[in-house]
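Readers should treat all values here as calculations from the given coordinates under stated rules, not as data from a laboratory. Just so you know, these numbers come straight off a predicted model, no measurement behind them. Every residue, glycine among them, receives a Cβ derived from its backbone with ideal geometry; neighbour counts consider all protein chains shown.
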Amino acid sequence: MNRMNEKFMIVLRQKKIKKKDMMKTIVIYYSNKGSNKYLAEKIAKSLTCEIEEIKPRLNVFLFMLMNIHLGIKPIKTDIKNYDRVILCGPIWMGKLIPPLRSFIKKYSDSINKLVFVTCCGSTYEKKDEKFGHGFVFKKVESLLEDQCILCQAFPINLVLPDDKKEDTDAFMKIHLNDENFKGEIQERFNDFIKTLSETNITQHTV
C-alpha cells in the first residue's frame, strides 16, 4: 500500500470511529405559542438530528391548565433506537405540563437518556420560587432518575430589552425568533450545544 492510500485509510477509519461514537439523538417537543418549537428546531439543526412533535389528543390550552388531558398521540419513531432524547416544551405556572408529563410516563421504559430543555417564563433568579422552572426540573428528575442527565432553561426575558423585562404585556407577547435570538440567549444556547456535544455529561440543572 502506497503512502497516499495509507493516509486515506487512516482518515477513513477515524471518520468511522467518530461516527460510531456519536450519540444517536432525537428532539421531541411540544409548543403552544411557538417559542419551544423554534428552540427545538434550532437544537435539532445544531446537532443534525431528527425531530418530532408531541401531539395531544385534546389540544386545548385552558383544559390543560386545569389538568384535563386525554393523553398524547403515539410518537412515530421508536424511542428505544436513540441513545438520547431531548425533550423540549414550555412550563406553565411552575408545572410539568400534561403533554410532556404524558410523554415521559408513556415512554419512560424506552428512554435511554433524556435532556429536558424549556423556553419558559421564570428567570434564573426565581427558578426556585413557587412558579419557577426549578420545581419542574426536580419533577422530571424524580420521574426518570438516572435517565435524566441534563435540564436547561432559556427564560424568555433574555430576549427582552432591560426596560421591558418587568413588563407583563411585553412578556406575554414576545416569542423566540431569528431577530431576537442573540446576545445572552445565543451565548447560553451555544454553551448548551457544546455541552450536548461532549461525550460525557454529568447530571446538572441550569
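Which entries of K42/K127; K73/K126; K106/K164; K33/K127; K76/K164 have Cα-Cα distances beyond 32 Å here?
Those over the limit are K73/K126; K106/K164; K76/K164.
Which GluC sites (Glu not before Pro) does the stretch 124-171 hold that lie in a coil by DSSP with at most 15 other beta carbons within 10 Å?
When the GluC sites (Glu not before Pro) of the stretch 124-171 are filtered for loop state and at most 15 Cβ neighbours within 10 Å, E125, E129, E166 remain.
Restricting to the stretch 72-206, compute how many DSSP beta bridges are antiparallel as a %, nearest 5.
15
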